[in-house]
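The values are calculated or read from the model by the stated rules, or taken from the named source; none is laboratory data. Computed from a prediction, not measured in an experiment: that's the story for all the values here. Counting neighbours? That spans all protein chains shown, and the Cβs are built from the backbone with ideal geometry, glycine included. Side chains are part of the model used for accessible areas, which takes the heavy atoms of the whole protein and leaves out ligands, DNA and RNA. Shrake-Rupley method; radii C 1.70, N 1.55, O 1.52, S 1.80 Å.
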Amino acid sequence: MKNIFLGAQLTYQVWSELKSGRVPIVSDDDINNIPRFVEDYTARLRSRSYVPDVVHGYLGVQKGAGVTRFLPILSKEDMAVYYHLCTLIGGEVIVRRDKVFGGWRAITTSGVPESSEEAEREAKAFQQGYFAGALSNVMWFNEFRSFTQLVRKLVSDSSLGPYVATTDIANFYDSIEIPRLVRKLRRDMPKRYQEEINFLELFLNLWNRRTTGYARSSTGIPQEIISDGSRFLSYYYLQDFDEKFDNYCRRNSLIYIRFSDDILVFGSSKQRIEDAIHEMSRLLLPEGLNLNAHKTRIYKRRELSEFRAIELLDAISKKDKGRIRKELRAVRVMMVDKKPLRLDTAFRAILGYLHKISDHAEVYERNFVLEVAFENPDIVGTLNDFQLYNLIKIADDRLAMFRQIRSQCLARPYTGPRANFLMLVRTHNSDLEAIGVSKRLQRASVSLVERQSARSEIITTYCVPAAKRALDC
């Protein structure tokens, strides 16, 4: 027990991200008092008197058709402890595999690798997925780009066969079995870390007792708001499966790739791929996991490329203006023909591209973004603060776009979009004022969100006050 300690630098990185993030539960005073906190909580861990707090509440994020993912807002103290345990454990047991993505180490016990502010902003401009979060946007972006480039390479390889299956794991984080995770860790971790595993087990048993009637939980890890800590654990949890299923695919002339719980299998016949999906299900069963039947589909390789807008993403990564225009036209045709399409992927990619080329943005690309934003409020509701600012900046009528975003965020009961809107005001109020959105309108908008969010403790206790303080500075 004497070896257990919290790191001040790692705590600073986690708390700084919380302070600047969607739900600012960390203050300047908290940052200044990190040495005292580290000393206090190190003593609690060593005396075995640490117990995780009850979560502050939950941030509701729409996944589609009214289905809501509730992100728990853990206390800053628990986030520091959790990240210490996850980064320590992740450094010992995570094994990077060819064609398996999601296990990058954005943080170490000594802190986050440095990247320039400009590089972080650019990566944030391209951020994909609902409420994707990371301590290093650059490392997330590099991993996503590598995954996308591999998908494009495999889609273009006719020797693999004409078919590819896509699927994911149903309720992945919620279904991870804590006893099984702990057994794996005790098997793979050096013996000197057994106490750290004990504390991780305690944390995972008790972090969500607010919703379990204060009973210990045996399943589920938090889909916490930064996401790097639980990403380590979820990646590690699937390592045994990755090895077994990859071996199966190699024996049967199939190609398996994975990003988090997003799984693709390439093969020469539908029968082989269906057999592989069965084998996948069989191997996941002992892990307490199941495939999402509604998201399991077998495509032709070209169909998958079109569905994921792979050629558009590649054209953007290569800054090929002519190809970008060509692929965007193809996306528009798919929209008109109502073909299956990850519209949010194409939308975010073009929005990031427009940020990158700044004043050289062309009308066709701008119109695509503005039209999609107008017709798809659910996509707008998932944009981060920087993407929202860029959306306002490219609009012909910036005041109208600001009001439109505000209305779209308030039109549905989800708290996630409201937190993003308040973060936009908190973080970019001076920039907004410079492009014509007055502080007066911003203050009125914060008050409007406050009035319409009385049921959300997270919004009224943390997000609204932080936005008001920023506007008063």
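For the chain, with only Lys/Arg (+1) and Asp/Glu (-1) charged at the beta-carbon, what is the dipole magnitude about the Cα centre, in debye rounded to 20?
Numbers: 71 positive and 59 negative charges, 161 e Å.
For the chain, the charge dipole is close to 780 debye.
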key: Solvent-accessible surface ranking, highest first, for H56, H360 at 1.4 angstrom   = H360, H56
message = Can you give me the solvent accessible area of C473 with a 1.4 Å probe, rounded to the nearest 10 Å²?
response = 140 Å²
ask   = Amide H neighbours of T219 under 5 Å, counting only residues 5+ apart in sequence or on other chains, H built in-plane at 1.01 Å?
value = I178
task = Enumerate the lysines that K326 could reach by cross-link, defined here as Cα to Cα under 24 Å, with residues fewer than 8 away along the same chain left out.
result = K153, K300, K318, K338, K339, K356
remark   = Row for the chain, column shape: gyration tensor on C-alpha, a ≥ b ≥ c, rounded if a/c < 1.5 i.e. under 1.5, prolate if a/b over b/c, else oblate; value oblate
inquiry  = Can you compute the helix-only [θ] at 222 nm over the chain? Use -39500 (n - 2.57) per DSSP H run of at least 4 residues, normalise by all residues, nearest 500 deg cm²/dmol.
reply    = -18000 deg cm²/dmol
ask   = Once phi is turned into ³J(HN,Hα) by the Karplus curve 6.51 cos²θ - 1.76 cosθ + 1.60 with θ = phi - 60°, what whole-Hz value does each residue of segment 11-21 show in order, with x for glycine and proline?
value = 4, 4, 5, 5, 5, 5, 5, 5, 5, 9, x
note = Expressed as a percent, the accessible surface of segment 14-65 that is carbon or sulfur, using a 1.4 Å probe and the full set of protein chains, is 43 percent
query = Once you put a point 7 Å from the Cα of E117 and another 7 Å from the Cα of S20, both along the Cβ direction, what distance in nm separates them?
reply = 0.8 nm
task = Filter the trypsin sites (Lys or Arg not before Pro) in segment 422-468 to those in DSSP coil with at most 10 other Cβ atoms within 10 Å of their Cβ, and list the result.
result = R455
task = Hey, can you grab everything whose amide H is under 5 Å from the amide H of V26? Only 5+ residues off in sequence or another chain; H modelled, so Pro and N-termini drop out.
result = K19
inquiry  = I'd like the distance between the alpha-carbon centres of segment 178-208 and segment 289-344, rounded to an integer number of Å.
reply    = 40 Å
query = So what is the accessible area of segment 225-354 per residue, in Å², with the probe set to 1.4 Å?
reply = 44 Å²
message = With a 1.4 Å probe and all protein chains left in place, how much of the accessible area of segment 340-473 comes from carbon and sulfur atoms, in whole percent?
response = 49 percent
Cross-link table K124/K321; K439/K468; K76/K184, entries beyond 18 Å C-alpha to C-alpha = K124/K321; K76/K184
ask   = Farthest toward the dipole's positive end in segment 184-263, which of Y235, M189, P222, given Cβ charges of +1 (Lys, Arg) and -1 (Asp, Glu) about the Cα centre?
value = M189
